[in-house]
Amino acid sequence: MTVRRAAVALALALTLAGCGSATDPPKAASVPSSVPVTAPFKGLRPTSVRIPKIGADSSLISVGLKTDGSISVPSVHKPMQAAWYQLSPVPGDVGPAVVLGHVDGDKKPGIFFKLKDLAPGDEVDVDRSDGKKLKFVVDHVTQVPKDTFPRDAVYGNSAKPELRLITCGGAFDHAEHSYKDNIVVYANLADA
Amino acid sequence: MGRTLSRVAGIVSAGALITFAAAPAALADDETPTSETTTATSETTTTTAPTTTETTASSVPVTTTGTTSAPATTDVTSTTTPGTTTPEDTTTATSEPPKDDYQDNTGAGFVGVGGEGSLTINCAAGAPGNVATQYLSVTGGPDQDGADGRIWHYSVRVDQLPPGTTTGKFSWTCDGIDGEGVVVFEQAPPPDSSTAPVATATASTAPVTTAVASTAPVTTATPASAAPGNAAPKAQVKVAPKGGIETGFGGTAP
């Protein structure tokens, strides 16, 4: 009797110990956290953006959508890197070309830290891979909640070459590690 | 003998209990305050297999000149309280960026109302192979995402889309392992009553897929006759990203 009870207890103990090890997280596949970009978008694209008034000057990388349908943004560890959304028109072509940059990252100001200080008439310069140098002029600046992001106004068709510069702004939600709003600058191609 | 066994069992039991008691604390240490990511699965009903498509390196940029009515843009005054944080806040742990939600060998496709779009495939091992699509032609790629080299993009255009189709399948291999994803076809809003859209797709045996992944960009209901690719107007932004844009994590913005 005693022997049977001991055997049951031993089996239970071993089972429990087995459960403990089973609850260990499965070994993650060795997926690197980053890999070098050696085959970027090769089509016609913008290569740099400069905004003299706020001292912003960056090369432009091309980004697309992530698998969840949100836009891919430059690494938070490279807050001074701006990006062009490659499913939007190339700046200078008819439509709203979308350029985005961090307001901050890695506890440092980002390339668009002062984007909200832009005002109508301010200049934005964009260079393209075909050698064209374009000048855009700010039309207006808006601050919009992310949860009611005005998709039509920002991404809808336009009759002229336009530019949208987008960054974060508003209150910082510490729980979500995210700003509540987006700052959107609307600019038109000069002499268009 | 019986007593000895009992003692051994007791010691092992105690060890197991200690292990259990320690486990929550150990797990808690690993927890990060980021929101959980959810992976949605979607069922699709198809009767045809994806067609294998050879991809070409040269992309075919399409510049649209359609001048549909431009949406009215209105100046929006700030609707939220202006920044209430100070730079000092950045010294706290809460300024850490969200956890990386990357999942290798997963993919999704997005096609806008103009019938153009993109396939996104996560493959850290390198460019995916054997990309096969349903209802789509691959017109460009593979290109690495400039912000994350593990992400690969292919440009696509609707080839033949049966009316009312909202999703399709695509597949690939990543480092020799098969992968499969869902393409969501964003639908055009209902047409004006004054204009009648023209539906040209006529495949009678084509599959109609109805399930939509919950993580996909929002699509709107539409009549079958407004299927993209033929009657829909060109979209200058081929696919509108989902939601706002996350471009700040430090809490330092003025």
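Of all residues in segment A:63-78, those that are touching a Phe, Trp or Tyr at 6+ places or on another chain (Cβ under 7 Å) and within 18 Å of A:VAL103 (Cα to Cα) total 3. Restricting segment A:55-77 to residues that are crowded, with 17+ Cβ neighbours inside 10 Å and more than 18 Å from B:TYR102 (Cα to Cα), the residue that is farthest from the chain's Cα centre (by Cα) is A:ALA56. What do you reckon, is A:PHE136 in a strand (DSSP E or B), in contact with a strand residue (DSSP E or B) (Cβ under 6 Å, 6 or more places away or on another chain), within 9 Å of another protein chain (Cβ to nearest Cβ) and of a type in the set (A, V, I, L, M, F, W, C)? Against the criterion (in a strand (DSSP E or B), in contact with a strand residue (DSSP E or B) (Cβ under 6 Å, 6 or more places away or on another chain), within 9 Å of another protein chain (Cβ to nearest Cβ) and of a type in the set (A, V, I, L, M, F, W, C)), A:PHE136 does not qualify. When you scan segment B:139-146, do you find a residue that is of a type in the set (Ser, Thr, Tyr) and touching a Pro at 6+ places or on another chain (Cβ under 8 Å), even just one? No, there is no match, as no residue in segment B:139-146 is of a type in the set (Ser, Thr, Tyr) and touching a Pro at 6+ places or on another chain (Cβ under 8 Å). Scan segment B:162-181 for residues that are surrounded by 24 or more Cβ atoms within 10 Å (Cβ to Cβ) and not polar (S, T, N, Q) and the total you get is 3. Beta carbons closer than 8 Å, at least 6 apart along the sequence or on distinct chains, pair a first residue in segment A:102-113 that is over 13 Å from B:ILE245 (Cβ atoms) with a second that is acidic (Asp, Glu) and surrounded by 24 or more Cβ atoms within 10 Å (Cβ to Cβ) for A:PHE113/A:ASP104.
Residues in segment A:153-192 that are touching a Pro at 6+ places or on another chain (Cβ under 9 Å) and either in a helix (DSSP H, G or I) or among the acidic types (Asp, Glu) (or both): A:ALA153, A:VAL154, A:TYR155, A:GLU162, A:GLU176, A:ASP181. Across segment A:94-119, the number of residues qualifying as at the interface with another protein chain (Cβ under 10 Å from one of its Cβ atoms) and farther than 21 Å from A:SER72 by Cβ comes to 6.
Checked against (1) under 18 Å from the mean Cα position of the chain (by Cα); (2) modelled with pLDDT of 95 or more, A:ALA119 passes all but condition (1).
Pairs meeting the criteria (first residue in segment A:54-71 and within 16 Å of A:LEU115 (Cα to Cα), second residue among the charged types (D, E, K, R) and part of a loop (DSSP other than H, G, I, E, B), beta carbons under 7 Å, at least 6 apart or on different chains) are A:ILE54/A:LYS114. Is it fair to say A:LEU44 is surrounded by fewer than 21 Cβ atoms within 10 Å (Cβ to Cβ), within 7 Å of chain B (Cβ to nearest Cβ) and among the aliphatic types (A, V, I, L, M)? Yes.
The values are calculated or read from the model by the stated rules, or taken from the named source; none is laboratory data. Just so it is clear, the model here is predicted, and its values are computed rather than measured. As a convention, Cβ positions derive from the backbone with ideal geometry for all residues, glycine included, and neighbour counts pool all protein chains shown.
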